[in-house]
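Shown next, in structure tokens, is the structure this report addresses.
The values are calculated or read from the model by the stated rules, or taken from the named source; none is laboratory data. Owing to the predicted nature of the structure, the values given are computational and were not obtained by experimental measurement. All Cβ positions, glycine included, derive from the backbone under ideal geometry; neighbour counts span all protein chains shown.
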Amino acid sequence: MPVRRLPPNPNLDHLKHQATDLLKERAAHDPAGAQRIREFHPRFSRSTDAEIFGAHFKLSDAQLTIAREAGFASWARLKKHIEKPGLNDRMSLPHHERIEDPQFRRAVDLLDAGDVAGLRAHLKRYPKLGKQRVAFEGWNYFRTPSLLEFVAGNPARHERMPTNMVEVAKVILDAGVEKSALDETLALVATGTLPRECGLQLPLLELLCAYGADPDGATHATALHGEREALLALIAYGARIDLPVAAALGRIDDFQHLLAGSGKEERHLSLALAAQFGQAEIVRRLLDAGEDPDRYNPVGGHSHSTPLHQSAGGGHEEVVRLLVERGARLDLKDVLWRDTPAAWALHEGKARIAEYLRAAEARRIEAVMRQRLR
């Protein structure tokens, strides 16, 4: 789920009211409130709605949820950001302009300029930079990037990337990086729009995998971002085709072979991906296997929405009709914008799907009223 970005002049009292409102949502057994708590409160990351509603949950828990939902590690850190902001707290600046360490900032500037010789000399003078990290808050990713991760251009900081970014990346790799930085950079490149648009996505993926990055760790995020070509490249470099990957790609034979031995988390993500990409036969098989069409998508899988939201917004009419026929709720609202699947369809210009969903909702309401009158 994307973080809720703070306004230019955030008000702490307003954020306190948000925490109070979250307590009320939980007390009312609002599934959207439960989803927010599950996503952003570390104690409840694997809890069901019922477990969240039944647990001891204080105002401080709600405040922690609100802070992490805004991209901050704690309520205290969020409070400091508002009351005593520093350079790193200036959210309107691109990430490289928020770096306070002058040597690290210089390395990023050389990277952005495509200055291979200058970067090599700088890293030779400051060899620790290759394994150093900087800290950012206010985002749900790119929170503690290493120098190598700036190569990915994700999040985008400029309109274009240097055409020699592969050579730039090799300079950093040869200077020595941690394995985690390799894997994180691979995921950023594979899910990034800018490296693809600049023709650098596939060459960077090849380089990173050649230096030991694990292609398996990036497949799910790549699938969720719809980067099909990058996903196929990761598979070519050794990533396995698991149930969610098979669901995203519509590989029915692979999917059926893997389904029997799959776990509940795999099936949950697979339903989210199959609905997002209109894989109707895979959605059908997951529903036959007992997947709940009303459950919000898993953390990291467009978790602010349900499968019906994703299929409606994506214009996948066959999947929409299938989910409705299987009883998916039509009134369930997404977490971020509080809109129904019909509203998502209308927003994305899928008028026929919106009309179908509204008619289906009207029929359900009429059926309920008839039942009450009996």
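Looking only at region 210-267, filter to residues that are of a type in the set (Asp, Glu) and over 23 Å from ARG295 (Cβ atoms); which one of those is surrounded by the fewest Cβ atoms within 10 Å (Cβ to Cβ)?
Here is the first cut: in region 210-267, the ones of a type in the set (Asp, Glu) are 214, 216, 227, 229, 242, 253-254, 265-266.
If we keep only those that are over 23 Å from ARG295 (Cβ atoms) as well, we get 214, 216, 227, 229, 253-254.
On the way: ASP214: 18, ASP216: 16, GLU227: 22, GLU229: 13, ASP253: 8, ASP254: 16.
Among those that are of a type in the set (Asp, Glu) and over 23 Å from ARG295 (Cβ atoms), it is ASP253.
Note on region 277-355: enclosed helices (runs of 4 or more DSSP H) holding 1 or more residues that are aromatic (Phe, Trp, Tyr) and either in contact with a Gly (Cβ under 6 Å, 6 or more places away or on another chain) or buried (at least 18 other Cβ atoms within 10 Å of the Cβ) (or both) are 341-347. Scanning region 149-160 for any residue that is assigned by TED's automatic domain parsing to the domain that holds ARG105, of a type in the set (A, V, I, L, M) and more than 22 Å from the chain's Cα centre (by Cα) turns up nothing.
Within region 33-56, residues that are within 17 Å of THR306 (Cα to Cα) and buried (at least 22 other Cβ atoms within 10 Å of the Cβ) sit with their Cβ atoms under 8 Å from residues that are at pLDDT 95 or above and aromatic (Phe, Trp, Tyr), at 6+ positions apart or across chains, in these pairs: ALA34/PHE53; GLN35/TYR296; ILE37/PHE44; ILE37/PHE57; ARG38/PHE44.
Is it fair to say ALA362 is outside the structural domain of ALA187 (by TED's automatic domain parsing), aliphatic (A, V, I, L, M), over 20 Å from the mean Cα position of the chain (by Cα) and modelled with pLDDT under 95? Here the answer is yes, as ALA362 does meet what is asked.
Of all residues in region 25-74, those being charged (D, E, K, R), farther than 17 Å from VAL3 by Cβ and modelled with pLDDT of 95 or more number 8.
A single member of VAL319, VAL324, VAL335 is under 17 Å from THR48 (Cα atoms), of a type in the set (A, V, I, L, M, F, W, C) and not assigned by TED's automatic domain parsing to the domain that holds GLY33, and it is VAL335. In region 304-328, the residues that are without any contact (Cβ under 8 Å) to a residue 60 or more places away in the chain and farther than 16 Å from GLU355 by Cβ form Cβ pairs under 8 Å with partners that are charged (D, E, K, R) and in a helix (DSSP H, G or I), at six or more places apart or across chains, as follows: LEU322/ARG284.
Would you say VAL299 is modelled with pLDDT under 95 and of a type in the set (Val, Ile, Thr)? When the stated conditions are applied, VAL299 passes them. Applying a threshold of 6 Å to beta carbon distances and a minimum spacing of six or more residues, or different chains, the list of pairs starting in region 158-187 at a residue that is surrounded by 15 or more Cβ atoms within 10 Å (Cβ to Cβ) and ending at one that is of a type in the set (Phe, Trp, Tyr) reads LEU173/TYR211.
Examine region 249-258 for a residue that is aliphatic (A, V, I, L, M), outside the structural domain of ALA190 (by TED's automatic domain parsing) and closer than 27 Å to GLY199 by Cβ, and state whether such a residue exists. Walk me through how you get there before you give the answer.
Narrowing region 249-258 to residues aliphatic (A, V, I, L, M): 249, 252, 258.
When the remaining residues are screened for being outside the structural domain of ALA190 (by TED's automatic domain parsing), the result is 249, 252, 258.
If we keep only those that are closer than 27 Å to GLY199 by Cβ as well, we get 249.
So far as region 249-258 goes, yes, one or more of its residues are aliphatic (A, V, I, L, M), outside the structural domain of ALA190 (by TED's automatic domain parsing) and closer than 27 Å to GLY199 by Cβ.
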